[in-house]
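Trainee: Mind looking over this structure? Questions follow.
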Amino acid sequence: MSSTVAIIGRPNVGKSTLFNRLAGRRLALVDDRPGVTRDRREGDAKLAGLHFTIIDTAGLEDASDESLAGRMRQQTDAAIEQADVCLFMIDARAGLTPMDEYFAGILRKHGKPVILLANKSEGKAGESGLLEAYSLGLGEPIALSAEHGEGLGDLHDALEPLLREGASAGPDGEAGPDKPLRLAIVGRPNAGKSTLINKLVGEDRLLTGPEAGITRDAIAIDWEWQGRQVKLWDTAGMRRRSRVTDKLEKLSVADGKRAVQFAEVVVLLLDATQALEKQDLTIADQVAQEGRALVLAVNKWDVVADKQAARRTLDEEVQRLLPQLAGVPVVTLSAKTGAGLGKLMPAVMKIYDIWNLRISTAKLNQWLDFQISRHPPPAPSGRRIKLRYMTQARARPPTFAVFCSAPKGLPESYKRYLVNGLREDFGLTGVPIRINLRKGKNPYV
């Protein structure tokens, strides 16, 4: 029997937009005006192999039972009772409201599992609302953009253990106690992505050839490496946007980008004969913006004449061109011959562990005090910015909240100083690191 998930929240936070995205169809009306949805609507949802029933609800409003708003709230109450899991959605751009806090209390009393979603988190406008959401006492909020499809991988990770017992798994569903590692192989056309996957799984599972662009769909393959379950995604080659004119190719590239969103680790396959071209750097930057762990795999290494000199140049170029991923692992291999292939998965597992790393708050604040003593924050207008407290908001990727006296006054150069220090002192090499600044004192004092 399929599990049921209800989307709950005050009016106009984006519940119907998320409902339509999970249902894969425009079933619910969406408009900027609040209160468009009045009845609860059900649909069949699929999220990266999870299959469940999704319920869209009217916006929660504090109103008398006899009024229209009150009757709408009764429909929402019924949906909460029916649901196995509730997705409580807030508007990260608008920030927390008294209504959000009131209905968060109601949800806690119901005793149902709740996943907190901070919608409209694209860009920097939603950062403060995302941090405010921690005060609701509903656990770690997920930064989401229902409109643009961002954050769905994190929603999948939160839903999967809650639905494992009741959700019906489709052909791509996972139900075992050990979740498979989600690994996407991306790169420019004809870099050898399908050849690499065929060599990894030990069979000609994917069509390959000298022609560029053979792969169109993002193909998911179940695989096992040293006892660890892995779901491999082969993706279509990604060219520069200006060169993509064919409608089918546009769809293929969009499918590959969705695979990156659902992946945990991404292997960017480079061509050793023309490595780190502009499009390679664009793809690497997209992976970093999605917050995924990255491994650079340099294919066709067997045709390189002076391997030692080429490797030295490659390392220098990676360090110069990808400073936002300093220390990203680089593996040289030949998908055709299998040379160097044994180094790829250990590199993937190592970066996956770093991506999942959590650092205690006590260690972080000791470290922050030391960093400030070494290099104090600037003093715009003669008043020094005070960094008061630091905590890790989440892992996957490592994300930190820093409470300070003037968040807008802290220059990007000082944030980079903190990021570089975190990499060096806590071994966070090669993964995206995010620092969110928030005005305020230590919230736990």
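Trainee: Around residue 265, under 14 Å between beta carbons, what's the net of Lys plus Arg minus Asp minus Glu among the other residues? Intermediate values should be presented prior to the final figure.
Mentor: Values: positive: 179, 182, 228, 231, 292, 350, 396; negative: 157, 264, 290, 353.
That works out to +3.
Trainee: List 16, 373, 405 from most exposed to least, where exposure is judged by having the fewest other Cβ atoms within 10 Å. Mind dumping the intermediate values first?
Mentor: Details: 16 24, 373 8, 405 16.
The order, fewest Cβ neighbours first, is 373, 405, 16.
Trainee: Could you work out how far apart the two model spin labels at residue 405 and residue 369 are, taking each label as a point 7 Å from the Cα in the direction of the beta carbon, and quote it in nm?
Mentor: Simple spin-label model gives 1.9 nm for this pair.
Trainee: For a test of the definition: using alpha carbon positions, the gyration tensor, and the 1.5 limit on a/c, classify the range 101-151 as rounded, prolate or oblate.
Mentor: On the way: a/c = 2.77, a/b = 1.81, b/c = 1.53.
Prolate is the answer for the range 101-151, as a/c is 1.5 or above and a/b outweighs b/c.
Trainee: Could you tell me which of the pairs 124/363; 199/307; 307/350; 46/112; 15/386 are separated by over 30 angstrom between their Cα atoms in the structure shown?
Mentor: On the way: 124/363 27 Å; 199/307 22 Å; 307/350 24 Å; 46/112 21 Å; 15/386 38 Å.
Beyond 30 Å between Cα atoms: 15/386.
Trainee: Sticking with this structure for a sec: List the residues, sorted by chain then number, that are 5 or more residues from residue 147 or on another chain and whose placed amide H is less than 5 Å from its amide H.
Mentor: Placed amide hydrogens put 120 under 5 Å from residue 147.
Trainee: What is the local net charge at residue 339, summed over the other residues whose Cβ is closer than 12 Å to its Cβ (Lys, Arg +1; Asp, Glu -1)?
Mentor: Surrounding charge for residue 339 is +4.
Trainee: Rank these for me by crowding, 415, 120, going from fewest to most other beta carbons within 10 Å.
Mentor: Values: 415 16, 120 24.
In order of increasing Cβ crowding within 10 Å: 415, 120.
Trainee: Around residue 312, under 15 Å between beta carbons, what's the net of Lys plus Arg minus Asp minus Glu among the other residues?
Mentor: On the way: positive: 307, 311, 320; negative: 306, 315, 316, 317.
Value of the local net charge: -1.
Trainee: Follow-up. Specify the inter-centroid distance of the range 301-315 and the range 82-112, based on alpha-carbon positions, in whole Å.
Mentor: Cα centres, the range 301-315 to the range 82-112: 55 Å.
Trainee: List every residue whose amide H lies under 5 Å from the amide H of residue 357, counting only residues 5 or more places away in sequence or on a different chain, with H placed 1.01 Å from N in the peptide plane.
Mentor: Distant-sequence amide H within range of residue 357: 396.
Trainee: Just order 275-283, 129-137 by mean Cβ neighbour count inside 10 Å, highest at the front, would you? Show your work: numbers first, answer last.
Mentor: Working: 275-283: 17.0, 129-137: 19.8.
So the order, starting with the most tightly packed, is 129-137, 275-283.
Trainee: If you plug each phi of the range 271-284 into the Karplus form 6.51 cos²θ - 1.76 cosθ + 1.60 with θ = phi - 60°, what whole-Hz ³J(HN,Hα) values come out, in order, with x for Gly and Pro?
Mentor: 9, 4, 7, 7, 6, 6, 6, 4, 5, 4, 5, 5, 5, 4
Trainee: Using the count of nearby Cβ atoms within 10 Å as a rough guide to exposure, how do 295, 267 rank from fewest to most?
Mentor: Values: 295 26, 267 29.
With the sparsest Cβ surroundings first, the list reads 295, 267.
Trainee: Please report the relative contact order for the range 361-439, taking Cα pairs under 8 Å with a sequence separation of at least 6, and give it as a percent rounded to a whole number. Don't skip to the answer; put the middle values down first.
Mentor: Numbers: 97 pairs, mean separation 23.3, N = 79.
Relative contact order here is 30 percent.
The numbers here are math on the coordinates, done by the rules we state, and not lab data. Being a predicted model, the structure only gives us computed values, none of them experimental. Glycine also receives a Cβ, built like all others from the backbone with ideal geometry; neighbour counts cover every protein chain displayed.
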